[in-house]
Structures are given as C-alpha cells and as structure tokens.
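Below: one structure, written as structure tokens.
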Amino acid sequence: AQSVEDVTAVVLNMGIAMVEATRGVLVSVEGDRLRLLGTRGMSARLESQLAVLNYETEVPVVHALRKGEVVWIESGEEFRERYGSAYQGFEELGDMQTYVAAPLVHAGETVGALALHFKEAAAVGASDRTFTLLLAQAAATALHRARTYDSELDKRRRAEWMEPIDCCIGMIGSIADG
C-alpha cells in the first residue's frame, strides 16, 4: 500500500479480518485536527457522526489519542457506562463485547488512531491483545509512509503543473527585455 487511501483499505479490510474484529475506525492526526480516514461495519449515520471528530469528542478512539495509550473496554456494559452519551441512539454498537482503541505512533509521532469492535469477549486475551497491538504498530508505520508518499507525490504534481507556467513567464520576460 502506497497512498493513505491504500493503507486505509488494507487496515480496514485485511487488518480487521486478521484480528477478527467486526467493526473498525481509522483516524489520522493532521496537526491539531483529526480526519476520519474510513470505517468498516458502521452505518452511514454513525460514520457521519465520526466524520466530525475532534480532540474533545468523548469516544474511545479520541480518548486513546488524548491519553497516548491503548483503551481496552471489555464489555458492552462498560462501553455504555463510559461512552454511552456519545453514541446515544446508535443501537448497532450494543452487540459489541470488546472495544479497543489504540493510538498509532511512529518514531514518537502520533499519526492517527485505530478503533476495533469485537462481538466476542475473547479479544481480551494476552495473545489477542498482542496481535491487535502489532496491527496498530504496522498501521502506524504504513500510515506515516503513505502520508510521506502522498505529500511527495503532491509536490511533484504541483511542480509538473507549474513547469509550463514558469516557461511562459520566462518567455514573456525575454520578450519584454527585448
């Protein structure tokens, strides 16, 4: 995966399938703003609510970013107690038993966060936790590289777009100089 779009697709499809999660959310940190990169298994209504995330939003994925550590929620009841008001009216989350939200950190820089929802409570075992954290580490590295790739590609496109303009400006300058 090279672009941020590619990384998002891989994490939300293959990554979520590997850890056997039912739903997932991938968020990018862009300066002091958060950007929803994508979701899997969410309704359009919930996805639209997640699209306006900010650092004050009381949801696990943002909580993990603010704390700088993984948030493990081991039951639907615990989730409703801690975050019920944020997702009020979204009954689709009521069938989840385990929630994990991990900040995505690459070389000391937080580049995003990944939230996973599991229907089974089994996702809290030591090996499941380890595998989930490995997915988060891989996602952090891939997202960092993809953002760098996208940035360089954007610079190249701008330079290629400006080349004919620079050429024309040079010709006009030569004509004016006479």
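Structure summary
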{"quantity": "Gained length - K119 relative to R145, 0.36 nm times residue gap less alpha-carbon distance", "calculated": "6.2 nm"}
{"quantity": "Å² of accessible area per residue within segment 7-82, as computed with a 1.4 Å probe and no ligands counted", "calculated": "51 Å²"}
{"quantity": "Pairwise FRET efficiency - E74 versus D6, Cβ, R0 = 25 Å, nearest 0.05", "calculated": "0.15"}
{"quantity": "Residue-count net charge about Y55 - beta-carbon cut-off 15 Å; Lys, Arg +1, Asp, Glu -1", "calculated": "0"}
{"quantity": "Under 5 Å, built H, 5+ apart or other chain: amide partners of G38", "calculated": "L26"}
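The values are calculated or read from the model by the stated rules, or taken from the named source; none is laboratory data. Worth saying up front: this structure is predicted, and the values here are computed from it rather than measured. Positions of Cβ are backbone-derived with ideal geometry, glycine not excepted, and every protein chain shown enters the neighbour counts. In case anyone asks, the SASA skips ligands and DNA or RNA and just uses the protein heavy atoms, side chains included. Shrake-Rupley method; radii C 1.70, N 1.55, O 1.52, S 1.80 Å.
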